[in-house]
Structure formats: C-alpha cells, structure tokens
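Taking it in order: structure first as structure tokens, then the write-up.
The values are calculated or read from the model by the stated rules, or taken from the named source; none is laboratory data. Predicted model only: the values in this text are computed from it and were never measured. Methodologically, a virtual Cβ is constructed for each residue, glycine included, from the backbone with ideal geometry; neighbour enumeration extends over all protein chains shown. Areas reflect the complete protein model, heavy atoms only, side chains present, ligands, DNA and RNA absent. Shrake-Rupley method; radii C 1.70, N 1.55, O 1.52, S 1.80 Å.
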Amino acid sequence: MTTPADVEAQSPTSMSPTTKAEVLIEALPWIQRFRDKVVVVKYGGNAMVDPDLARTFAEDVVLMHSVGIRPVVVHGGGPQIGELMDRLGKKTEFRDGLRVTDAETLDIARMVLVGKVNRDIVASINVHGPLSVGLSGEDAGLILASARNPDLGFVGDVEAVNPAIVDRLLAEGLIPVISTIGADLAGQAYNINADTVAGAIAVAVGAEKIVYLTDIEGLRRNVDDEASLIRRATAAELQALLDDGTIAGGMIPKVAACVHAADHGVGSAHMIDGRIPHVLLLEIFTNRGIGTMVTRDPVLDPTTEDQP
Ligand code: ADP
Ligand code: MG
C-alpha cells in the first residue's frame with residue numbers, strides 16, 4: 001500500500017506534494033487577477049546573457065501566457081552591441097559624455113538587436129510552442145522616432161507609439177518580442193533606449209503592469225548601500241529622486257519610464273533582479289514583495305497591499 005509518506009519520498013524535488021499544492025494555490029488569486037491583462041516585461045542585463053537565466057525567463061513568459069496573461073517582451077542589448085563593435089574594431093565616439101551613433105553604429109545596433117538578440121529570445125520562447133513573434137519598432141509603424149540631438153547622430157526619442165500591430169498579435173494569442181529601433185516619417189531608423197520604449201508601449205497598450213528585469217535587486221536610495229533598497233514608492237516620490245540626482249546611470253531611463261507608466265494608467269511598475277531564476281514568476285504569482293514597486297498613489301493599507 002502506498003502511504004502519503006511514500007508519495008512524499010518519491011517527490012522529484014525536495015518540496016513535498018503538500019507544499020507544491022500550497023505553492024500552486026498561492027498563485028490562484030494572482031492568476032485570476034491578471035487574467036487577460038497585458039504585462040510588459042523589459043528584458044535586459046545579466047538575465048539576458050546567462051543561458052540558464054534566458055531559459056528560465058522563456059519558461060516564465062510561457063507560463064504567464066498559459067494562464068491567460070498577455071505578455072509583451074521589450075528587450076535591450078547594449079552589451080551585445082558593444083561586443084560586436086569591439087570585434088569589428090569600431091571605436092565609440094563620445095561627445096560631452098554621450099555616445100555618438102553614426103550611420104555605421106546604427107547599422108551594427110540594428111543588426112545585433114533585430115537580427116540576433118530578438119531572434120534568440122523568440123527562439124527560446126518557441127521551444128515551448130509556436131507562440132512568439134519578433135518585431136522591430138519599425139514594423140507597422142509601431143514606434144515613430146525623432147532625433148534626440150543632431151550631434152548624437154541616430155539616437156532617437158519616442159515621438160509616438162502606434163500599438164495596432166501589438167494589439168493584433170495579442171488578439172491572436174501570440175507573444176510579441178520587440179526590438180527598440182524606431183523610424184521617423186522619412187523612414188530613417190534610430191536606436192532608442194529600451195527602458196523608455198517599454199514604458200511608452202505599456203501606456204499605449206493599456207498594460208496592467210510593467211516589469212523591468214535588471215542586474216540589481218531594485219532601486220536603492222544610495223547606489224552603494226544594499227540596505228537602502230526602496231521597496232515601494234509613488235511616481236511623485238521617484239520624480240523627486242530623479243530631480244535631486246539620487247538616481248544615476250542606467251537607472252535614470254528606467255525610473256523615468258516607471259514614473260511615466262504609473263502616471264498614465266499602468267497599475268504598477270516594478271524593477272526586479274533578473275539574476276534570480278524565475279524572478280518574474282515570483283513577482284507575479286506570489287505574495288512576497290520583490291524589488292521596487294512604483295504606483296501612482298500611495299498603497300493605502302499595508303496589511304492588504306500584497307493581496308490581489
Ligand atoms: P539594464 O541592462 O537593466 O538596463 P543598467 O546598467 O542600464 O542595466 O541599469 C542598472 C544599473 O543602474 C545598476 O546595476 C546600478 O549600477 C545603476 N544604478 C544607478 N543608480 C542606481 C540606484 N539608485 N539604484 C540602483 N541601481 C542604480
Ligand atoms: Mg540600461
């Protein structure tokens with residue numbers, strides 16, 4: 001006769017069947033809460049270059065999709081662009097501390113983002129079924145761009161987002177994976193910061209949530225002090241930190257995009273640690289708060305804030 005203890009002993013992982021059931025049940029209210037909702041995920045940093053993390057990322061996106069959430073992936077690729085630039089012996093020119101994107105650099109960025117990074121993400125998702133379609137912001141007029149500053153060459157800002165192609169792919173049950181190259185009205189391509197694009201797309205598609213996977217556990221009040229992690233903030237509080245210079249470097253476009261998203265109808269924006277396997281599942285399906293969460297208004301009741 002098989003006893004419950006035998007079943008526990010045969011469990012393929014250290015977790016008991018009861019614990020597994022509890023884990024699944026903990027996810028239930030979150031699954032119900034996010035069913036049919038769009039969740040934009042900005043994928044970048046270490047999570048993108050480590051093959052094991054790339055695999056668990058794809059699993060998480062497919063699991064979200066399988067329970068009725070509509071994920072949209074927006075990806076970066078700065079390190080991969082830098083790597084090919086080095087291999088080609090192409091020097092980066094800086095003007096007043098900002099990287100100049102000449103026509104050749106733009107070509108390299110576009111080849112790497114659209115031709116390599118995007119393909120790799122789409123392929124890793126499609127291991128699980130014919131689910132994902134890759135596109136560039138140039139496709140179907142998705143991202144209308146303009147030059148940020150003529151001295152910087154083809155570095156663009158988002159002028160407008162036309163989400164029609166994303167809406168159509170979502171309506172077909174597909175998972176869009178977006179490279180952040182935009183085009184102006186004359187068809188000239190521009191490289192645009194992926195954090196900025198992710199926020200603009202989340203607003204345009206009416207996303208419920210935007211999640212930034214990055215290479216640090218979240219936003220810190222002092223970048224050198226791990227203990228200064230900001231767990232929750234309102235858009236106005238973060239705007240103040242942007243204005244007073246607390247936030248530096250790669251966090252600037254992320255925080256600015258979280259503020260923009262929260263102020264324009266996206267329910268919450270999150271910056272979480274992409275170095276943790278399955279961090280996306282932890283963020284979406286568990287009661288544990290992770291990384292930094294940004295909302296427009298203060299979360300009123302701290303005892304119920306982790307309930308769906
Ligand atoms: P990603 O690939 O996710 O865009 P970035 O390097 O562009 O990564 O941005 C994340 C980095 O921003 C962190 O690794 C950290 O070094 C830097 N950073 C600057 N200010 C802060 C801050 N206040 N809190 C956390 N990280 C910060
Ligand atoms: Mg960055």
DSSP-defined antiparallel bridges as percent of all bridges, the chain, nearest 5: 30 percent
Dipole magnitude (debye, nearest 20) for the range 9-96, charges at Cβ of Lys, Arg, Asp, Glu: 280 debye
Dipole of the chain [Lys/Arg +1, Asp/Glu -1 at C-beta], most positive-end residue of Val100, Gly129, Ser66: Gly129
Relative contact order for the range 92-196, counting Cα pairs under 8 Å that sit 6 or more residues apart, in percent: 30 percent
The chain, accessible surface, carbon-and-sulfur percent (1.4 angstrom probe): 54 percent
The chain - mean residue ellipticity at 222 nm from DSSP helices (-39,500 (n - 2.57) per run, n ≥ 4, rounded to 500): -11500 deg cm²/dmol
From phi via Karplus (6.51, -1.76, 1.60), per-residue ³J(HN,Hα) for the range 208-224 in Hz, x at Gly/Pro: 7, 8, 10, 10, 9, 8, 9, 10, 8, 6, x, 7, 10, 5, 10, 4, 8
Expected-Rg normalisation [2.2 N^0.38 Å, Cα atoms] applied to the range 38-124: 1.28
Estimated Rh, the range 116-273: Kirkwood, alpha-carbon pairs, angstrom: 16.8 Å
Estimated dipole of the range 53-198 in Debye, rounded to 20 [Cβ of Lys and Arg +1, of Asp and Glu -1, Cα centre]: 320 debye
Karplus (6.51, -1.76, 1.60) ³J(HN,Hα), θ = phi - 60°, over the range 54-64, in Hz, Gly and Pro reported as x: 5, 5, 5, 4, 4, 4, 5, 5, 5, 5, 4
Beta bridges by DSSP in the range 172-296, antiparallel share as percent, to the nearest 5: 45 percent
Average accessible area per residue (Å²) across the chain - probe 1.4 Å, nucleic acids and ligands excluded: 49 Å²
Positive-end residue, the range 184-248 charge dipole about Cα centroid, Cβ charges, pick of Val211, Ala248, Leu185: Val211
The chain - convex hull of the alpha-carbon atoms, volume per residue in Å³: 156 Å³
Projected area averaged over orientations for the range 132-215, convex hull of C-alpha atoms, nm²: 6.0 nm²
Leu219 long-range amide H proximity, modeled H, under 5 Å: Ile230, Thr292
